[in-house]
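The values are calculated or read from the model by the stated rules, or taken from the named source; none is laboratory data. Every value quoted in this text rests on a predicted model; they were computed, and no experiment measured them. Here the Cβ positions follow ideal geometry from the backbone for every residue, glycine too, while neighbour counts run over all protein chains shown. Note: areas computed on protein heavy atoms with side chains; ligands, DNA, RNA excluded. Shrake-Rupley method; radii C 1.70, N 1.55, O 1.52, S 1.80 Å.
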Amino acid sequence: MPFKIDLHTHSFFSSDGVSSPEDMVAAAREKGLHGFAITDHNTCEAVTYFLEKGFIREDGSAVDNFLIIPGVEVTTAEGHLLCIGATLPYLKGRPAREVCDLIHERGGLAIPPHPYDLFRAGIRFSTLEKLPVDAIEVFNAATTLRRYNRYAFKYAQLRGLPMTAASDAHHAAAIGTAYTILNTDELSVRSVLSQIVKGTELNQKYLTPRDSVRKTWNNWLRLRRRKTHQSPNDSAKL
């Protein structure tokens, strides 16, 4: 059966997300998705929240025919890297290879999001070549320039890697703008991860201008808050 899964989303637990986990689930269901991966920046707090509220089961099975996949988007030393299907400790600033290895140790998939995007910390070709990644996000609905998606698609083809598409939603209304279609018999974390590496279909649609502006605004507010709350000593650490 084909399941529609958005493999890259952010809640208000993320530094630049604005929507509650409940609003995300409601929006995803309304759009006809069968689930999504929660991949907040450098934190798995939303995963814990979903577990406590009963939206995620420890065995990785769906809840009320809807699957929330644990994950995180790590800001590695070389750029952003998605962990899909597992949780991680705080790893911001660690080498991408080290993060890849830990993802695999925990049973997850390592998927670089928006690679080549010069404005959004995409992992560059020279680093990608050395990483044991499991798939490539070749369509990001929020990419800065559309040619970055084309570059990622061509790279995945050349390397023979599975491909994914995702919304990179930072507010509930954007969830499901783009998503990955997985043909599997069971809606569970294990089955989804297994199918990703076997092959997928992609639903490719870009954010609307309104959603793009909203995402940019959220990013600006995040940076403003960071500067406002940053002490002189904190600045020296960055």
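Expressed to the nearest 5 percent, the antiparallel share of DSSP beta bridges inside region 24-156 is 65 percent. For the chain, the antiparallel share of DSSP beta bridges with both residues in that region comes to about 60%.
Within the accessible area of region 43-169, the carbon and sulfur atoms contribute 50%, probe 1.4 Å, all protein chains present. Spatial offset of region 140-157 relative to region 51-122 amounts to 20 Å, using the alpha carbon center of each. Computed from the C-alpha gyration tensor, the three semi-axes of the ellipsoid equivalent to the chain are 24, 21, 18 Å, from longest to shortest. Once the 1.4 Å probe is applied to the protein heavy atoms, region 1-155 comes out at 41 Å² accessible per residue.
Using a probe of 1.4 Å on the protein chains alone, the accessible area found for K154 is around 120 Å².
Comparing F153, L131, P2 along the charge dipole axis of the chain, the residue lying farthest to the positive side is F153, per the Cβ-charge model.
Put Y90, Y179 in order of accessible area, highest first, and with a 1.4 Å probe you get Y90, Y179.
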